[in-house]
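Remarks on the structure that follows.
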Amino acid sequence: MLPAGTQETTVAKAVLIIGEDPKLVDFSAPGVPSNMSVEKVMDGLNGSRERLEGLGYPTSILLTRDAETVEAQVSQALRKNHYDIVVIGAGLRTLPPMAAQFEKLMDALHKEAPDAEFAFNSRPDDSDAAALRWLKRE
């Protein structure tokens with residue numbers, strides 16, 4: 001029971017969506033969905049962020065550059081904010097040229113955000129659905 005005159009406050013869980021910067025993706029490469037473009041990726045990610053924020057979940061997007069810098073990018077993002085849910089993009093997980101970057105990403109997340117739940121999207125525009133699978137468990 002709370003003392004009289006005080007309110008119980010709950011902090012909304014925060015979400016970080018991580019994906020390769022679409023400006024750096026070769027959309028003509030084998031394995032890359034033929035219907036994707038920089039604009040479609042960004043529209044999907046931004047739409048997911050807007051939907052999550054509309055539900056009250058603070059959400060950020062981290063666009064990675066390469067295997068050499070991903071650890072520093074993740075460390076910097078996680079020093080700025082605490083994230084309860086980290087959504088990892090399908091491109092980072094499934095495209096063969098991203099394998100080294102994905103490994104370093106997972107290692108950095110394991111070190112820097114050991115309590116975070118990981119969610120996996122299948123498209124940029126379903127990142128919110130991936131996060132909500134964990135957020136609805138509250």
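With the condition kept exactly as written, say whether any residue in segment 46-53 is crowded, with 20+ Cβ neighbours inside 10 Å and either at pLDDT below 95 or in contact with a Gly (Cβ under 9 Å, 6 or more places away or on another chain) (or both). Working first, answer last.
Of segment 46-53, the ones crowded, with 20+ Cβ neighbours inside 10 Å are 48-49, 52.
In the following step, the residues that additionally are either at pLDDT below 95 or in contact with a Gly (Cβ under 9 Å, 6 or more places away or on another chain) (or both) were identified as none.
The answer is no; no qualifying residue exists.
Taking D21 and the conditions (1) surrounded by 12 or more Cβ atoms within 10 Å (Cβ to Cβ); (2) within 18 Å of E117 (Cα to Cα), which numbered condition does it fall short on, given that it satisfies the others?
(2) is the only condition that D21 fails.
I want to confirm something. Restricting to segment 110-124 and keeping residues that are touching a Leu at 6+ places or on another chain (Cβ under 8 Å) and assigned to a helix (DSSP H, G or I), which single residue is nearest to L78 (Cα to Cα)? Break it down stepwise before answering.
We begin by selecting, within segment 110-124, every residue touching a Leu at 6+ places or on another chain (Cβ under 8 Å); these are 112-113, 116, 118, 124.
Next cut, assigned to a helix (DSSP H, G or I) only: 112, 124.
Values: E112: 7, P124: 21 Å.
Per the stated criteria, the residue is E112.
Could you tell me whether F102 is at negative phi, over 17 Å from the mean Cα position of the chain (by Cα), surrounded by 12 or more Cβ atoms within 10 Å (Cβ to Cβ) and among the aromatic types (F, W, Y)?
Against the criterion (at negative phi, over 17 Å from the mean Cα position of the chain (by Cα), surrounded by 12 or more Cβ atoms within 10 Å (Cβ to Cβ) and among the aromatic types (F, W, Y)), F102 does not qualify.
In segment 61-84, what residues are of a type in the set (D, E), assigned to a loop (DSSP other than H, G, I, E, B) and surrounded by 13 or more Cβ atoms within 10 Å (Cβ to Cβ)? Outline the logic, then answer.
Our first condition is that a residue be of a type in the set (D, E); within segment 61-84, this holds for 66, 68, 71, 84.
If we keep only those that are assigned to a loop (DSSP other than H, G, I, E, B) as well, we get 66, 68, 84.
Correct list: D66, D84.
The values are calculated or read from the model by the stated rules, or taken from the named source; none is laboratory data. Just so you know, these numbers come straight off a predicted model, no measurement behind them. All Cβ positions, glycine included, derive from the backbone under ideal geometry; neighbour counts span all protein chains shown.
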